[in-house]
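The values are calculated or read from the model by the stated rules, or taken from the named source; none is laboratory data. Only a predicted model underlies this, so the values are computations on that prediction, with no experimental measurement involved. Ideal geometry is used to build each Cβ from the backbone, glycine not excepted, and the neighbour counts take in all protein chains shown. Calculation scope for accessible area: heavy atoms of the full protein, side chains included, ligands and nucleic acids excluded. Shrake-Rupley method; radii C 1.70, N 1.55, O 1.52, S 1.80 Å.
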Amino acid sequence: MAKSLYIAGLEPGSGKSIVALGIMELVSRRVRQIGYFRPVIPSKDLPDNNIELIRRRYNLAASHDDMYACDHDEAQKMAAEGATDQLLKRIINQYKQLESQNRFVLCEGTDFSGLASAFEFEFNAEIAVNLGSPVLVLVNGRNKSTDDIADAVELAHEAFASKSCSITATIVNRVATRQREDVASRFANGQTPVYVLPEIDVLGKPTLKEVAAALKAEIIQGTQEGLYRTVQDLKVAAMNFPHFLDHAADGDLVITPGDRADVILASMAAALSNTSPNIAGLLLTGDQPPAPQVMQLVEGFQTSSQIPILSVPTDTFTTAIQVSSVPPTLIPGDDRKIAAALGGFETHVDLKELEDRIQVIRSERVTPIMFEYALIARAKADRRHIVLPEGEEDRILQAAEILSQRDVVNLTLLGDAAAIQTKIGQLGLHLDGIQMIDPASSDQRETFAATYYEMRKNKGVSEEMAMDTVADVSYFGTLMVEAGLADGMVSGAVHTTGDTIRPALQIIRTSPGTSLVSSVFLMCLADRVLVYGDCAVNPNPNAEELADIAISSAATALNFGIEPRIAMCSYSTGASGKGQDVDKVREATAIARDKKPELKIEGPIQYDAAVDAGVAKTKLPDSEVAGKATVFIFPDLNTGNNLYKAVQRSANAVAIGPVLQGLNKPVNDLSRGCLVTDIVNTVAITAVQAQTER
């Protein structure tokens, strides 16, 4: 069974980094120890972008220097001197060191600039054969007819076969969208699968960050997030701004001398208007920084941090030429482009078929990366509809773009539609096709108010109060879930836990047989995923409630592929301790066993006895849970909250949650300090919960 895969492109610009990302994402769901290798990189003087992209995203253990053998200059010199064999041996030796430390290695083939394509092909084929790697052939379909693409694929197959290479699959990348179906139909019945990926517009354009790096520009205004805005086009502001505005468009990088105060201030003002183009940024030329008075005004604009301002010493003409030649790349940290690349790959590649052909061996242990990517894959497999009440929040919109690009879920954003659209423009996002609803003006408001009134009239709610209440985004979103207009809801980025849970308790209510809503965190450690509950909702549950939390947590664990072995944690193990607190845990354990006799549950048990096989052998040698617990139930919120945070910080664990459980339909709460990644994960979790409910 192969331990590697070799990506071989037949010409520059074929998009190897996109395919490498897709393969790494696929393999990361199954394999714990993965390596990435480039035989030849452009230069040793700077860290290789593709290596850093993969190394950082997938937290690879190897150093940058362990992931390549030589640079272009060395390779060209050795080839010119007839020392190709020595070059090949050097590559193989470096690869073997990396292979010995990993269960699978993805190799990205060479991309020599200035060498003959015939030598390029011969050399890649020779490397692949000597590494024992099957080949993934990559064909560039950009600006080619369907016949030309078909000929290129056929020639590539014949050529690699003649060199005794085993071809796993072929990917034709960067095909015009209108042409993709025609190209795909040409290869529908082939023996070796051919996957056809369309050209993705955002991947063919540089970001402001790439422009700034290429021109060594000074960043005089703007955030790191703003620098990831895509530059759709260049516009030189050589005329007065009223006339220039007629020519400006969304995504333009405006190039203007630094002393043009009118263009600078008008561009900032345009960002506040719903009727003006949302430019990507400003690039000031001539080594002329704006006057202090101008910068003082710029800093007063609420949107100034979203519209980056760069400065370069070159003149306007030279700068425009330089910017136009900046190549688009996938750089580490650019989550928007990465999501677009993975979305295109996962949509147009048969992942199950490709995974079977690569034949990677599934690891028994689960890393945080493996868990998170499996979570996304599971959500994508049966897409659910999730409502996000905080539609005007930046992080929610950024997460929504990633979820949309990767086709994880269908989304509805709640809030003032005009305000949401303005925010989308200010952030430079692309959220076409996502539903937006303003609860205050929605056609559903009266229907929801009537529903809420019937539910709560015995609690003193009047029809007028109901009408006002359902205009609140949290209540409106919860009523959408209850009515079946959405499968789940995620909120809490700017609302409290009470704001999220209170409507759910009033409207969705607890599931049959469950006395309360509780929460768990999915704790992703280095090689396994554990479930901690309750760490966010119930301050001091009694024995009956603690038993309910244990039963709900076991169901949650099972839902996410974790075999539930439940440890009811206390300061005492077995019958050794006495006292009110340990008695509560002992009683809760007995109640849970009585309700669900099929569960593997132990309590009271100390944490060390629950996780350490050596301690378990001494304290509870005959237990099914001790030493191998996967679900940990803590006696109160104080213990649970402190413990999950201690493990998160000291063990560098990824804590996903809180995941709410016990409701009839899934609603989940975010921390107000959540990151975009946290929102993406929580939405995926909610979608998986909705799949189970459905």
Enter the accessible area per residue of region 372-496 (Å², integer; probe 1.4 Å; all protein chains in place).
39
State whether region 534-685 is rounded, prolate or oblate according to the following rule on the C-alpha gyration tensor (a ≥ b ≥ c being the square roots of its eigenvalues): a/c under 1.5 gives rounded; otherwise a/b larger than b/c gives prolate, and the remaining case gives oblate.
prolate
Over region 59-191, what is the relative contact order in whole percent, taking alpha-carbon pairs under 8 Å and six or more residues apart?
21
Take the residue pairs Lys144/Lys380; Lys380/Lys665; Lys3/Lys44; Lys352/Lys600 and return only those whose Cα atoms are more than 23 Å apart.
Lys144/Lys380; Lys3/Lys44; Lys352/Lys600
Projected-area average for region 615-694 over all orientations - Cα convex hull basis, square nanometres:
7.5
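Using a 1.4 Å probe on the protein heavy atoms, what percent of the accessible area of region 346-418 belongs to carbon and sulfur?
After summing per-atom areas, the C and S share lands at 45 percent.
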Can you tell which of Ala653, Val615, Val631 lies farthest toward the positive end of the dipole of region 599-694, using +1 and -1 charges on the Cβ of basic and acidic side chains (Lys, Arg; Asp, Glu)?
Ala653
Calculate what fraction, in whole %, of the accessible area of region 1-105 sits on carbon and sulfur atoms when a 1.4 Å probe is rolled over the protein chains.
44
Per the charge dipole of the chain (beta-carbon charges, Lys/Arg positive, Asp/Glu negative, Cα centre), the residue among Leu87, Gly533, Leu53 reaching farthest to the positive end is Gly533
As an exercise, identify the GluC sites (Glu not before Pro) in region 59-113 lying in DSSP coil whose Cβ has no more than 11 other Cβ atoms within 10 Å.
Glu81
Given Cβ charges of +1 for Lys and Arg and -1 for Asp and Glu, the option among Ala486, Asn189, Gln359 whose Cα lies farthest towards the positive end of the dipole of the chain is Gln359
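Could you please put Ile402, Ile127 in sequence from largest to smallest accessible area, using a 1.4 Å probe? Could you put the intermediate results ahead of the total?
On the way: Ile402 25, Ile127 0 Å².
Most to least solvent-accessible, the answer reads Ile402, Ile127.
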Over the chain, what is the percentage of antiparallel beta bridges among all DSSP beta bridges, to the nearest 5?
20
For the chain, report the % of Cα-Cα distances exceeding 43 Å.
36
For Leu663, residues with placed amide H under 5 Å, excluding near neighbours
Ser511
Which net charge results for the neighbourhood of Ile92, defined as the other residues with beta-carbon distances under 15 angstrom from its beta-carbon, given Lys and Arg at +1 and Asp and Glu at -1?
+1
May I ask for the angle, rounded to the nearest 10°, between helix 16-28 and the longest principal axis of the chain, with both axes built from Cα atoms and the value confined to 0 to 90°?
30
Could you work out the relative contact order of the chain? I mean the mean sequence separation of Cα pairs under 8 Å and 6+ apart, divided by the number of residues, in percent.
11
Any chance you could give the angle, 0 to 90 degrees and rounded to 10, that helix 117-131 forms with the longest Cα principal axis of the chain?
40
Filtered hits (lysines, Cα-Cα < 24 Å from Lys235, offset >= 8 within chain) -> Lys205, Lys209, Lys216, Lys337, Lys423
Phi-derived 3J(HN,Hα) across region 152-164 with the Karplus relation (6.51, -1.76, 1.60, θ = phi - 60°), rounded Hz, x for Gly and Pro, is 5, 5, 4, 5, 5, 4, 5, 5, 5, 5, 5, 9, 6
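What relative contact order, as a whole-number percentage, does region 581-678 give when Cα pairs under 8 Å and 6 or more residues apart are counted?
This gives 16 percent for region 581-678.
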Can you give the angle from 0 to 90° between the axis of helix 497-507 and the longest principal axis of the chain, with both taken from C-alpha atoms, to the nearest 10?
60
